[in-house]
Amino acid sequence: MKISVDELAKLINGTIEGPEGRFVEKFAPIEEADDSSLSFVANMKYGHYLYTTQAAAVLVPRDFVLEKPVHPVLIRVDDVRTTLSALLEKFSQVENRKTGVEQPSYISSTARVGKDVYIGAFAYIGDNAVIGDNAMIYPQSYIGDDVRVGDGTIIYAGVKIYSGTEIGKSCILHSGCVLGSDGFGFAPQEDGSYRKIPQTGKVIVQDHVEIGANTTIDRATIKATIIENGVKLDNLIQVAHNVEIGKNTAIAAQAGISGSTKIGSNVAIGGQAGIVGHITIADGSQIGAQSGISKTISEKDQKWFGSPAIEYKNAVKAQIIFKKLPELYNRIQVLEKALKKLDVSQDNE
Amino acid sequence: MKISVDELAKLINGTIEGPEGRFVEKFAPIEEADDSSLSFVANMKYGHYLYTTQAAAVLVPRDFVLEKPVHPVLIRVDDVRTTLSALLEKFSQVENRKTGVEQPSYISSTARVGKDVYIGAFAYIGDNAVIGDNAMIYPQSYIGDDVRVGDGTIIYAGVKIYSGTEIGKSCILHSGCVLGSDGFGFAPQEDGSYRKIPQTGKVIVQDHVEIGANTTIDRATIKATIIENGVKLDNLIQVAHNVEIGKNTAIAAQAGISGSTKIGSNVAIGGQAGIVGHITIADGSQIGAQSGISKTISEKDQKWFGSPAIEYKNAVKAQIIFKKLPELYNRIQVLEKALKKLDVSQDNE
Amino acid sequence: MKISVDELAKLINGTIEGPEGRFVEKFAPIEEADDSSLSFVANMKYGHYLYTTQAAAVLVPRDFVLEKPVHPVLIRVDDVRTTLSALLEKFSQVENRKTGVEQPSYISSTARVGKDVYIGAFAYIGDNAVIGDNAMIYPQSYIGDDVRVGDGTIIYAGVKIYSGTEIGKSCILHSGCVLGSDGFGFAPQEDGSYRKIPQTGKVIVQDHVEIGANTTIDRATIKATIIENGVKLDNLIQVAHNVEIGKNTAIAAQAGISGSTKIGSNVAIGGQAGIVGHITIADGSQIGAQSGISKTISEKDQKWFGSPAIEYKNAVKAQIIFKKLPELYNRIQVLEKALKKLDVSQDNE
């Protein structure tokens, strides 16, 4: 990639501001960019880097207000992240598209495999499994019996998909994620031991879902654990049996959703957050990192924080006071002594 | 499965209450059941669904008190979960039992493999490993040198078992779990670097243990990390080196047990809870989700909650007040002002 | 191993204190040692075991003060952990060193493989990958295209390394860890869906790094996620895209580092701690287990604790008061009533 800033701006429908005649050759984060770099400011928190960067050009939001002169040419666009996404897709070769079947691999004679697929060495395709057109199954992946994988879905190396799981179109499953393992269901017995409750349901993943590395999604006890269209799951997330996650919900790494909970659409859940079982989270809820949600959230589009979580603003206020607890404790003691003295002096009157 | 509710009730020693002549054809969760479904209420929190469900019949506890008429036939049983477990085992075909050795697989010439086992393609059985009768080793699993796997144990696809690990009978190991990786032990050096302390011990898993997907259990420094009979571990749990977990203890997803800690029997640990190293947790302890246990628990059968955890009831009370901290802070300020005024007015007397 | 305590002490430059003529045959933890065991006390918290152990000999710090007579011979050394590490290396055979290429394995014709390597069955070495001398690639590992693995590095069974990742010398990667999976980057669209931001960067791991089982390290959006020399990562850790971790930093299990954060050198991070994105953590910082770090830490060598984390000492004090919140609440109410009474009585004067 070597392109003039003018040409680039036309390509992405951007408005140029700054010196003419520059070229960019590569992408770079703004704090590391040099004078052949195209960079970007998507989050205004990092806007201050504009005043020190040596980048040749920087993508900024259309309404960005410049406070003083800068080195880079500004390219104003409607949506920085989306523009960046389009440019990276266009100019970077993310991963070579592979096709063909490497050997040795194991494909059951009853499996149906679509056109133009890639099946890597040591991949396993079970009985009656169905692999859609243009799907990519990387090496050492396990596609159990009766699993369906939709068109164009990418399954990276070492993904494990238990029997009966259904995966939609254009999904991306990262290495080490496990779909369809048994839900954690046991009946306590009188002698203190547990009897396993067979987990006879399945996992359904709809279209355009991305699932991070080493994330686990358990099969339902009876029906299905469901991940709806457009859901984005980061790494090392736990999704327990019977959970349902609504469309376009995004969940950050190491969060956990307990059994039978229903998460709405367009919910955002922070890293390491935990959600108890058998509750409902309203559409558009935003849940802070490390939060613990112990009750149903019925109001849509609210922010929650803390463990147990409360409304975000209240949580922040309470945490500020929390730091002052030792001081508050002393102030209460001072009050008590003072009052006692007063009380005594009153009694003496 | 299509069976009359009468016949079903006899089979499970249940008492019928409601209209005669109904049939059930499938299991369903109570909130989704239709008039050919058998459903169940194991937890009274969900008892209210009884009054709206269209299920043909519902398993309820023997002593359940009905508050008003319902659509389903009630089948009263001693233990709903255990009955459900038995019925699901009987009527659902959870997973086809497989036998035989798929090719290509790798079985060392010095390994001993029992009768009627399943060994999936791309599974690896190391030198001197011993696989018990009726064991199932799914594809792409790794059974290191000198590992022992007991009779009837199921090892799902992609489990990794380091050399020397011992696994008992009738265990279930889910995909991606790792047993016997090195404990996290290092000697800090003067130059700030770390020198690895070789981890020369092993992992011992006794009988009837279930280990969730992507859970990790490290080998001991010198002797053994031990998981006793009947322990149930959910997904993504960390069990560090030298830990011992007592029989019939159940641990929910993403919890972590630090090195050399000894967990008693029949302990229940909630999701994302963390337990520091070198402590002991008494039998029957119940530890809430996201709790942090920093000290030995000596009293049996107590409930703990919070980070750092305190007695459950106290934690709940303290958390209620926590939310009121900004209000309390104001009330203290009001008190201080009032007292100052009083004090001043007294001085003026 | 059977060695006289005298001979052993000479070997490790230790000073003997206690009866002569003893032999040791094995290592054992101090609480389980018998009279043929060599044991150790590295942490003074466990010093009390010295007075009850039956160990033949115990390694203790040079300056350890004995309070009463003990059974074992004391061997005083400069650094107990380092001495233990050296002895375990010498006397225990941790893992048989393997060499050779097991079949079937998959090695691209364009890959370059060094001398004296081990490549286990079902391992996959992609196009243009470079494997250093004496490296060990265990079964079912995936080395993507263009990956570099340095001399002497050990990659255990089932590790997944995406294309382009660079790994230094003498590293140890435990089973199930994933390097180079896509960072979690999406551009929100007007219809509520997300558009993937291609992750075109890579992961660079320098020398002498150890990475625990099922830990995940995402590739950078544009440049590189970097793990510097001597870093030690425990199991189930999440390292997000664009993160940099400075040399000799140690991170305990289940901790998570969010995107673009820079961790300094010689930092210690406790288990289940979480660190938000786009911040910097100063060299030598110590972060307690389950802590949540939400802001840049600029001061070096400080201890932090809590979620959100504050200075360790203040956090401990605040948590002590937290437990007393219900009591404090009552005391404030008492104060308010008393003051009201006083105020009223004053008004009456």
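On the basis of being closer than 21 Å to C:A289 by Cβ, touching a residue at least 40 places away in the same chain (Cβ under 8 Å) and part of a loop (DSSP other than H, G, I, E, B), does B:H241 make the cut?
yes
With the checklist (1) in contact with an Asp or Glu (Cβ under 7 Å, 6 or more places away or on another chain); (2) open to solvent by 30 Å² or more (accessible area, probe 1.4 Å); (3) more than 9 Å from every other protein chain (Cβ to nearest Cβ) in hand, flag the one item A:T225 doesn't pass.
(2)
For the subset of the range C:60-71 comprising residues that are in contact (Cβ under 8 Å) with a residue 12 or more places away in the chain and either in contact with a Gly (Cβ under 7 Å, 6 or more places away or on another chain) or among the β-branched types (V, I, T) (or both), which member is surrounded by the most Cβ atoms within 10 Å (Cβ to Cβ)?
C:V60
For A:K317, all conditions in the list (1) touching a residue at least 24 places away in the same chain (Cβ under 8 Å); (2) open to solvent by 60 Å² or more (accessible area, probe 1.4 Å) hold save one; what is the number of the exception?
All conditions are met except number (1).
Looking at (1) closer than 27 Å to B:F305 by Cβ; (2) more than 9 Å from every other protein chain (Cβ to nearest Cβ), which one does C:V243 not meet, given that it meets all the others?
(1)
Run down B:D145, B:D133, B:D182 and say which single residue is over 25 Å from the mean Cα position of the chain (by Cα), facing chain C (nearest Cβ under 10 Å), touching a residue at least 12 places away in the same chain (Cβ under 8 Å) and open to solvent by 10 Å² or more (accessible area, probe 1.4 Å).
Only one candidate qualifies: B:D145.
So which residues in the range A:148-179 are farther than 16 Å from A:G212 by Cα, open to solvent by less than 10 Å² (accessible area, probe 1.4 Å) and either not assigned by TED's automatic domain parsing to the domain that holds A:N242 or not in a loop (DSSP other than H, G, I, E, B) (or both)?
A:V149 - this is the single residue of the range A:148-179 that is farther than 16 Å from A:G212 by Cα, open to solvent by less than 10 Å² (accessible area, probe 1.4 Å) and either not assigned by TED's automatic domain parsing to the domain that holds A:N242 or not in a loop (DSSP other than H, G, I, E, B) (or both).
With the checklist (1) over 24 Å from B:G274 (Cα atoms); (2) within 11 Å of chain B (Cβ to nearest Cβ); (3) not charged (D, E, K, R); (4) not in a helix (DSSP H, G or I) in hand, flag the one item A:G284 doesn't pass.
(2)
Hey, could you check the range A:186-202 for residues that are open to solvent by 60 Å² or more (accessible area, probe 1.4 Å) and in contact with a strand residue (DSSP E or B) (Cβ under 7 Å, 6 or more places away or on another chain) and say which is farthest from the other protein chains (Cβ to nearest Cβ)?
By that ranking, first place goes to A:K202.
Taking the condition of a type in the set (K, R) and within 14 Å of chain B (Cβ to nearest Cβ), does C:K303 pass?
Taking the combined requirement at face value, the residue does not satisfy it.
Report yes if some residue within the range A:210-219 is farther than 30 Å from B:E228 by Cβ and in a loop (DSSP other than H, G, I, E, B); otherwise report no.
Among the residues of the range A:210-219, at least one is farther than 30 Å from B:E228 by Cβ and in a loop (DSSP other than H, G, I, E, B), which makes the answer yes.
Tell me the residue from C:K295, C:K300 that is touching a residue at least 24 places away in the same chain (Cβ under 8 Å), surrounded by fewer than 18 Cβ atoms within 10 Å (Cβ to Cβ) and not aromatic (F, W, Y), please.
C:K300
How many residues does the range A:75-93 contain that are part of a helix (DSSP H, G or I), surrounded by fewer than 20 Cβ atoms within 10 Å (Cβ to Cβ) and basic (K, R)?
Final tally of qualifying residues: 1.
Say whether the condition of being within 30 Å of B:Y312 (Cβ to Cβ) and assigned to a loop (DSSP other than H, G, I, E, B) is met by at least one residue in the range C:310-322.
no
Which numbered condition trips up A:L328, out of (1) under 30 Å from C:A338 (Cα atoms); (2) within 10 Å of chain B (Cβ to nearest Cβ); (3) open to solvent by 40 Å² or more (accessible area, probe 1.4 Å)?
The one condition A:L328 does not meet is (3).
Can you name the residue in the range A:197-232 that is among the basic types (K, R) and modelled with pLDDT of 95 or more and is also nearest to A:V149 (Cα to Cα) among such residues?
Only one residue fits best here, namely A:K202.
Taking the range C:99-123 on its own, how many of its residues are open to solvent by less than 30 Å² (accessible area, probe 1.4 Å) and either within 30 Å of the chain's Cα centre (by Cα) or hydrophobic (A, V, I, L, M, F, W, C) (or both)?
Of the residues in the range C:99-123, 9 are open to solvent by less than 30 Å² (accessible area, probe 1.4 Å) and either within 30 Å of the chain's Cα centre (by Cα) or hydrophobic (A, V, I, L, M, F, W, C) (or both).
Residues are listed down the side, and each one gets a yes or a no for (1) in the same structural domain as B:D151 (by TED's automatic domain parsing); (2) in contact with a Phe, Trp or Tyr (Cβ under 6 Å, 6 or more places away or on another chain); (3) more than 30 Å from C:E102 (Cβ to Cβ); (4) among the polar types (S, T, N, Q):
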{"position": "B:E31", "(1), (2), (3), (4)": "no, yes, yes, no"}
{"position": "B:Y46", "(1), (2), (3), (4)": "no, no, yes, no"}
{"position": "B:Y51", "(1), (2), (3), (4)": "no, no, yes, no"}
{"position": "B:A56", "(1), (2), (3), (4)": "no, no, yes, no"}
{"position": "B:L66", "(1), (2), (3), (4)": "no, no, yes, no"}
{"position": "B:V73", "(1), (2), (3), (4)": "no, no, yes, no"}
{"position": "B:A86", "(1), (2), (3), (4)": "no, no, yes, no"}
{"position": "B:K115", "(1), (2), (3), (4)": "yes, no, no, no"}
{"position": "B:G120", "(1), (2), (3), (4)": "yes, yes, no, no"}
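Looking at A:L84 and the list (1) within 14 Å of another protein chain (Cβ to nearest Cβ); (2) over 30 Å from C:D146 (Cβ atoms), which single condition is not satisfied?
(2)
Against the condition more than 21 Å from C:A268 (Cα to Cα), acidic (D, E), surrounded by 21 or more Cβ atoms within 10 Å (Cβ to Cβ) and assigned by TED's automatic domain parsing to the domain that holds B:I167, how does B:E210 come out, does it pass?
Yes, satisfied.
Out of all the residues in the range A:96-130, which are within 11 Å of another protein chain (Cβ to nearest Cβ) and within 18 Å of A:S175 (Cβ to Cβ)?
A:N96, A:K98, A:E102, A:S105, A:G120, A:A121, A:F122, A:A123, A:Y124, A:I125
What number of residues in the range B:1-57 are in a helix (DSSP H, G or I), open to solvent by less than 50 Å² (accessible area, probe 1.4 Å) and aromatic (F, W, Y)?
Within the range B:1-57, residues that are in a helix (DSSP H, G or I), open to solvent by less than 50 Å² (accessible area, probe 1.4 Å) and aromatic (F, W, Y) number 1.
The values are calculated or read from the model by the stated rules, or taken from the named source; none is laboratory data. It should be emphasised that the depicted structure is a prediction, and the values quoted were computed from it without experimental measurement. Using ideal geometry, Cβ is built from the backbone for each residue, glycine included, and neighbour counts are taken over all protein chains shown. Surface areas here come from the heavy atoms of the whole protein model, side chains and all, with no ligands, DNA or RNA. Shrake-Rupley method; radii C 1.70, N 1.55, O 1.52, S 1.80 Å.
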